[in-house]
Amino acid sequence: MNWWHRLLRRNKMEEQLDKEMRFHLEQHTSELIAAGVNPAEARRRALMALGGPEQVKEECRDARGTRWLEDLWQDFRYAMRMLRQRPGFAAVALLTLALGTGATTVMFTLVNGVLLKPLPFPEPDRLVAVHGQSVEWNAELFGKQNVAYQDFLDCTRSSHSLDLAGALFSGGTVSQPGEPEYIDLRETSPGLFSVLRVPLLSGRDFLPEEDKQGAAPVAILGYSFWRRHFAGRADVPNSTMVLDVKRYTVVGIAPPGFRLFGQEADVYTPIGQDTARYLQNRDMHPVRVVARIQPGNTLGEAQAELSLIGRHLAETYQETNGRRTLIVEPLRPEIGDVRSTLWLLLGAVGLVLLIACANVASLLLARAVSRERELAVRVALGATRARLVRQCLAESVVLGLSGGALGVLLATFGVRPLVAFWPGDLPRGEEVQLDWHVLLFALAVSVLSGLLFGLAPAVRAPFRDVERTLRAGARSIAGGSKRLHSAFVISEITLAIILLVSAGMLGRTLLRLASLDPGVDVHNVLVARTALSPATLSDPGKTRAAWKDVLARARRLPGVQSVATVDTFPMREGDNEQAYWTSADLPPSNKLPFALLTSVSPDYLDVMRIPLRRGRFFDAHDDLGSTPVIVIDEVLAQNAFGKEDPVGKRLWIPDMGYANVFEIVGVVGHVRHWGLAGDDQAKVRAQIYYPFAQLPDSFMHRWSELMSIAVRTQIPPLNLVAPLRSELKGVAGDQVLYEVHTMEQLASDSLARQRFLLLLFGVFAGLALVLASIGIYGVLAYLTGQRVPEIGIRMALGARPNSVIWLVLRQSLGMILIGVALGTAAALAAGRVLQQLVQGMQPIEISTFAIMIPVLVLAALFASFLPARRASRVDPVTALRQE
């Protein structure tokens, strides 16, 4: 019979043990009586021969192998009784732990959902991404390279270890049925959903014969778009819709929550039906490729096969693929730049948990010292060190688990508000939830924290000088206890200073960033992406006329001061980075500097009120028939020409497409394109503006898909949205205004991450300050209470109340100063970490310490003053009686 069965049959085995003991006792007694011994004496001799029934029972229980579990259960029951007997202590400890554990659990829930959770597809470990790799490609600046469409087709035909699918990000206007709406479009290859093993909500995937030019147009709707635009009607499959003046048959609906590369698309169409010329060019790499490793193959085998295919393509198409290869790597979730922020917040909330543990450890230590006589009695009765330590740890673990359970309850209500409050959209926010990983983490944190704050009281159990402890009881404090109490207080102060100084640094950074000049006048400016009528995009002449009509219609509206077109306005996602040089003698492509290129109409400078430093801006004469011209900003002027006047000089832009050399006609002020916080650390800051009117006809279609309008208003900008949207619908009524913002909103949003961090660090720092103050108060109140007889003697000998107050404050001040010294050193290290992880963070300044440290010192002294004041009012007679 194993130990588990013996444990389950414990009661029955106890009954059997009692019967057996009685049998042996009665039998031996009977034998002695038969030998002529008096019955009473016979029973006494039988008991002595057995060695005592209870001792024998204990030995039998030890032999079962379940004694350790029974003792553990007994320890936990005793711990529960002790906590029930002291509800005030239990409430304070549980609340402290619940706050620390709950906050930590909330942050780990976000970390788990965003960073640690695998992709929400079957067998995600077999999904890979395929990227291109070129010597000339600047991966640090542009990220990982995509794949040319023709290369993707060759890989699909040649690969035997991978099932591949490709996707192309695009957009378009759905004009029927319903109101016209600009949609997020994904052009995909057939089999995308089968590669990801995602079943459609209804309908079917694209067929191979549909993935070619001239095939019948078909589409799959995204779930949210189907619910929004078609009201979730069940009859939508097999119906039709008009997308970019082409009628599509809806063949399927994607499942809810399906996100490809981190985003939920509105509509999916076959990529093979796209007639764009750049898809036939192997020098263009627009396709993102995802693949699934086939059964029986490994990642290494897939990489070897794709490398072989890449070498074959390089030999066959040397001009475009000569220095290019293909790489395979595990498919990772798209999480943007939130990784560092999440780890930073988890580390900060971990400090709060440590402060909570130190606080509870101090309380438990105080209780352990007050229970020294009880523990000494147990030692005198034969309790071993292991048994006493286990009992103390059992109490702390019960506290930790109870506080953890309450913390998980708080986290249940705190996760969704934090996700909603996250600046912008938290990547994979819909996947953030309390699952078994989070519960296991909470359990581990609860047990480990319980062991952490229960270790000191357990080690403090009295095993030496038991007799002295029994005589003295709780009237004296050993030096070790004082040192432990002081260590807890010092650690709390140290950790609190780290959080306070970090919050101060974030606050100072936010104030500085908010005072920066964005380079544009953000007041009364409305910016919005504009989708022209799809019917005008096929003819460059009609497209140019359509943009002129958009500007003319916008200018007619009351409240409009000026209006311009721009392909990428500041402080929003999107950019166009190109290499440049100051002469025709170009260095190697990987040595060229880069600048941001922005295509604008002549009134853009007036709309944004960007200062003109030298020369002129564009005018109506800068068109297709004139010399290609550009305007540069002062950063590029300084980088490329130093103190020379760049006006009239030339700039070579090798990858511009329609011209290589441009005349510089003006210099303007620098615009913080990457936001108030991110621009100073951006890899590319130099800026070039070029006239939209000088774009050749071959570029007009593509650029028109990217263009926006910027409007300076004389009224609140948002009041103009409805009339502007109505006016710009155009003759056909299918022109759409979307992604509408004010420049004030964009400037404010560029600091949203810093405000969010400041708020959370402020909350953590405030919580740490309160917990540290409570800890200092609790420790000093306890230590002062233990010194009441000493204080009574001092006052009986003539000590004044002020000297007693100073006596207590001096003890507190020593702990505070040590904690401040250690905390300052730790805060300096934390400041360097913040500089690496937070955009716009400035180097540490003494002023931050000068402001935040006194806050903690004053709070700590106030917490110390209360027990000091109480000690100064001790009645000497009453105090001496305690001796």
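Some notes on this structure:
- Given (1) aromatic (Phe, Trp, Tyr); (2) surrounded by fewer than 19 Cβ atoms within 10 Å (Cβ to Cβ); (3) at pLDDT 75 or above; (4) not in a loop (DSSP other than H, G, I, E, B), index of the condition residue 78 fails: (3)
- Residue list for the range 216-249, restricted to those being touching a Pro at 6+ places or on another chain (Cβ under 7 Å) and part of a loop (DSSP other than H, G, I, E, B): 244, 245
- As a summary of the residue check, residue 232 satisfies the conditions (1) out of contact with any Asp or Glu (no Cβ under 8 Å at 6 or more places or on another chain); (2) open to solvent by 80 Å² or more (accessible area, probe 1.4 Å); (3) at positive phi except for the one numbered (2).
- Members of the range 277-302 found to be within 20 Å of residue 324 (Cβ to Cβ), outside any helix (DSSP H, G or I) and open to solvent by 40 Å² or more (accessible area, probe 1.4 Å), listed by number: 281, 283, 284, 285, 288
- Test: residue in the range 735-743 that is part of a loop (DSSP other than H, G, I, E, B) and either free of Cβ contacts under 8 Å to residues at least 60 places away in the same chain or out of contact with any strand residue (DSSP E or B) (no Cβ under 9 Å at 6 or more places or on another chain) (or both): no
- Close pairs (6 angstrom Cβ cut-off, 6 or more residues apart or separate chains): closer than 16 Å to residue 210 by Cα in the range 188-200, in a helix (DSSP H, G or I) and open to solvent by less than 20 Å² (accessible area, probe 1.4 Å) anywhere: 188/271; 189/271
- Any pair with Cβ under 7 angstrom, 6 or more apart, that starts in the range 707-726 at a residue that is in the same structural domain as residue 573 (by TED's automatic domain parsing) and polar (S, T, N, Q) and ends at one that is open to solvent by less than 10 Å² (accessible area, probe 1.4 Å) and assigned to a helix (DSSP H, G or I): 713/720
- For the range 678-710, residues that are assigned to a loop (DSSP other than H, G, I, E, B) and farther than 21 Å from residue 538 by Cβ total 8.
- Near pairs, Cβ below 9 angstrom, 6+ apart or cross-chain, from the range 538-561 (surrounded by 14 or more Cβ atoms within 10 Å (Cβ to Cβ)) to any residue that is assigned to a strand (DSSP E or B) and charged (D, E, K, R): 560/712; 561/712
- Matching option when the condition is under 22 Å from residue 128 (Cα atoms), open to solvent by 60 Å² or more (accessible area, probe 1.4 Å), more than 36 Å from the chain's Cα centre (by Cα) and at pLDDT below 95, among 308, 313: 308
The values are calculated or read from the model by the stated rules, or taken from the named source; none is laboratory data. Source: prediction; values computed, not measured. A quick note on method: Cβ atoms are made from the backbone with ideal geometry, for glycine too, and the neighbour counts reach across all protein chains shown. Remember, those area values only see protein heavy atoms, side chains included, never the ligands or the DNA or RNA. Shrake-Rupley method; radii C 1.70, N 1.55, O 1.52, S 1.80 Å.
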